[in-house]
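The structure appears below as structure tokens.
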Amino acid sequence: MRPWTDERMDHLIAGLLRTGVLLAAALVLAGEVVHLLRHGGDLADFSVFRVAPWQTHGVVGLAREALAGRGQGLALLGLLVLVATPVARVALAAFAFAAERDWIYVLVALVVLGVLAFSFFGGRA
Amino acid sequence: MSLLVWMASFVAGLVGSLTGLGGGVVVVPLLALVFHVDLRLAMGASLLSVIATSSGAAAAYVRDGVSNVRLGMFLEIATTVGALAGAAATGLVATGALAVVFGAVLLSAAVLSLRRAHEHPPAPSTGALAVSMRLASTYPDGDRRVEYGVHRVGAGMGLMFVAGALSGLLGIGSGALKVVAMDDVMRLPFKVSTTTSNFMIGVTAAASAGVYLFRGYVDAGLAAPVVLGVLPGALLGARMLSRLRTRPLRLLFAAVIGLLALEMFYKGATGRL
């Protein structure tokens, strides 16, 4: 097995970021095309902030909605993949630092991951 | 509507990238002032486009070993906590006040964008934090790698908290302030400052995104065309930057953005947004 080095970690992180963004963009694009074909003539109005029906569901509810294909399912799924990309990057870094036995930076990555988790699952404040 | 938003977002991404301001801080006033989009929905869409552009750009910088990954992750502790605080505050602040703060931040960023990069002579890290966290690193310059040290980490972290808070409060990347913290305060090479800032922006924005999603600030119908516009616009801008002489262009854009900022400020202060 190849040894874990900073360079290997850099390549993994770069690949993850690129894949995440490309996948997200492809999903959002597909969702938009489908939506335009179906509702091209509709005029959406974003001038008034209205509470979306899924507001209280947070990430879990959104993911459920996206997978069920409701609303703009595909585009929503793409947006969720987009938001998940940096989170996955931090998790991957925590793993890579552990493989390098760089424990201080494992701790740093876990703290950042904790703040992100709080935002996604506890951050209703 | 969707196609117009897409085109405007493309232009915002392009201008944001050419000026170094970032797509988010340009797309928000465009959506709010030109398309009369609710400020919070504009911020939500912008925040997602910020994640896309920074992650896309950071991929190349991290692969080439320019971004300082350890320093970025260490400072992300401050930016994500700041982002949580800022995002939480958006719910407590009136829309007009948000617009006023946005205008002020945009105006100072436009002025900052005209600064020229200055070079710091390489020196070993100073301060206990920089040494014990092994923040010193190297970056590629042609065929060789240049060593550099990191300074005043505590002050840098403080500014990073503020950058994170502004990012969460306004739905922007706060790249300009992150670069100030790393370039001026922590005395990193300019190339490392900008690329490490890019690397951090995605995670900082993700920390706000959780709160934004709960609050319903992210509308897929708006965010989708904005992301699809800003991302290619920003990537094209980054390509053009390496070929064009951009000084006159930057002056022009900074003036236009300054005007947008003043209008945000004025409309916010008079309660028309």
Would you point out which residue out of B:Gly91, B:Gly156 is touching a residue at least 60 places away in the same chain (Cβ under 8 Å) and surrounded by fewer than 16 Cβ atoms within 10 Å (Cβ to Cβ)? B:Gly91
Within the stretch B:253-262, is there a residue that is surrounded by 14 or more Cβ atoms within 10 Å (Cβ to Cβ), over 20 Å from the mean Cα position of the chain (by Cα) and farther than 21 Å from A:Val21 by Cβ? no
Could you check the stretch B:120-137 and list, in sequence order, the residues that are at negative phi, in contact (Cβ under 8 Å) with a residue 24 or more places away in the chain, within 14 Å of another protein chain (Cβ to nearest Cβ) and not in a helix (DSSP H, G or I)? B:Met133, B:Leu135, B:Ser137
Within the stretch B:48-63, does at least one residue satisfy the condition of being small (Gly, Ala, Ser), crowded, with 24+ Cβ neighbours inside 10 Å and outside any helix (DSSP H, G or I)? no
Within the stretch A:50-71, considering residues that are facing chain B (nearest Cβ under 8 Å) and modelled with pLDDT of 70 or more, the one nearest to the chain's Cα centre (by Cα): A:Val59
Go through the stretch B:219-229 residue by residue and tally those that are more than 7 Å from chain A (Cβ to nearest Cβ) and of a type in the set (A, V, I, L, M, F, W, C). 1
Only one of B:Gly103, B:Gly72, B:Gly96 is of a type outside the set (D, E, K, R), part of a helix (DSSP H, G or I) and within 11 Å of chain A (Cβ to nearest Cβ), namely B:Gly72
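The values are calculated or read from the model by the stated rules, or taken from the named source; none is laboratory data. Everything quoted here is computed from the prediction, not taken from an experiment. For neighbour counting, all protein chains shown are included, and Cβ atoms are generated from backbone atoms with ideal geometry for every residue, glycine included.
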